[in-house]
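The structure under discussion appears below in the form of structure tokens.
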């Protein structure tokens with residue numbers, strides 16, 4: 001594995017302030033110790049069920065499967081046919097929350113429900129359709145709570161099922177983003193994006209503050225599900241690897257070929273493993289990770305991993321177990 005990761009990554013913290021970016025060795029987290037991250041190169045309904053089962057954590061009680069339903073029929077959100085057997089296997093309910101960005105078609109429960117049906121999802125519980133609830137946070141530097149959909153209280157178990165890809169604001173979107181921005185209510189999304197300044201309208205914060213707020217919110221949801229009688233697991237599907245998120249109605253065409261499915265009980269290890277596969281990728285004709293690497297670097301996207309680990313949410317060092 002070491003040869004795969006012999007590369008450099010351009011860090012963007014300096015670039016954002018107008019300084020010349022530094023080029024430093026990228027540090028992969030894979031090794032012989034740490035939480036297990038399971039990996040299969042097969043992207044299929046059967047493989048999705050198998051990798052969930054490999055985690056060895058039984059879904060019990062009322063099961064939520066958190067996805068992103070995508071902004072339009074052109075978005076690269078996970079195919080309903082891909083995920084349906086897993087949802088049926090765990091007797092789960094697909095869940096989502098309303099979005100907050102200005103150009104959305106999913107800003108309220110009524111229009112959101114119509115949009116997800118267009119995408120082929122039979123039923124999705126819009127968790128903030130009937131209001132919100134607040135979760136305590138471990139880091140109150142910026143946000144003082146995490147505001148999520150009130151329906152979150154209805155579930156005993158969650159599968160955080162994410163489409164790993166680039167993102168225009170976060171650099172990349174995976175398990176941590178799906179757990180934070182994804183589970184946040186519309187007002188909660190405003191609150192995170194503004195780093196605690198407002199929960200009523202769109203406002204963007206300084207980049208690292210925003211990333212730290214996402215990590216803090218993800219930690220709050222994780223802790224909610226690690227209470228007695230609840231549990232949570234994480235799965236990332238690395239396909240349609242565009243530099244753009246599923247929240248884009250007209251995302252850029254993927255330049256990097258599909259990689260596979262990864263899963264873990266540790267969301268930090270899982271996202272780090274996906275990042276390692278992106279930054280350790282050996283480009284070939286028609287399979288170029290460069291644009292996605294550049295997007296992540298430009299937004300200092302790896303900082304969410306740093307802060308999540310600092311909070312104790314998980315480990316950036318892991319064992320990769322290929323199925």
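Every read-out reported here was derived from the displayed coordinates using simple, explicitly stated rules and does not represent laboratory data. Predicted model only: the values in this text are computed from it and were never measured. With ideal geometry, Cβ positions are generated from the backbone for all residues, glycine too; neighbour counts draw on all protein chains shown.
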Highest-fluctuation residue, 71, 197, 122 considered, GNM on the chain with Cα pairs under 10 Å: 122
Cα coordinate range in segment 182-323, projected on the principal axes (Å, largest first): 45, 35, 24
Max mean-square fluctuation residue, GNM over the chain, Cα-Cα springs under 10 Å, options 33, 294, 115: 33
Computed E for residue 201/residue 138 - FRET, C-beta separation, R0 35 angstrom, nearest 0.05: 0.85
Square roots of five times the Cα gyration tensor eigenvalues for the chain, Å: 27, 23, 20
Kirkwood Rh and Cα Rg combined as Rg over Rh, evaluated for segment 74-219: 0.95
Residue of 81, 127, 169 that the Gaussian network model of the chain assigns the largest fluctuation, springs spanning Cα pairs under 10 Å: 81
Segment 81-144 versus segment 246-323: alpha-carbon centroid distance in Å: 23
Per-residue [θ]222 nm for the chain (sum of -39500 (n - 2.57) over DSSP H runs n ≥ 4, rounded to 500): -8500 deg cm²/dmol
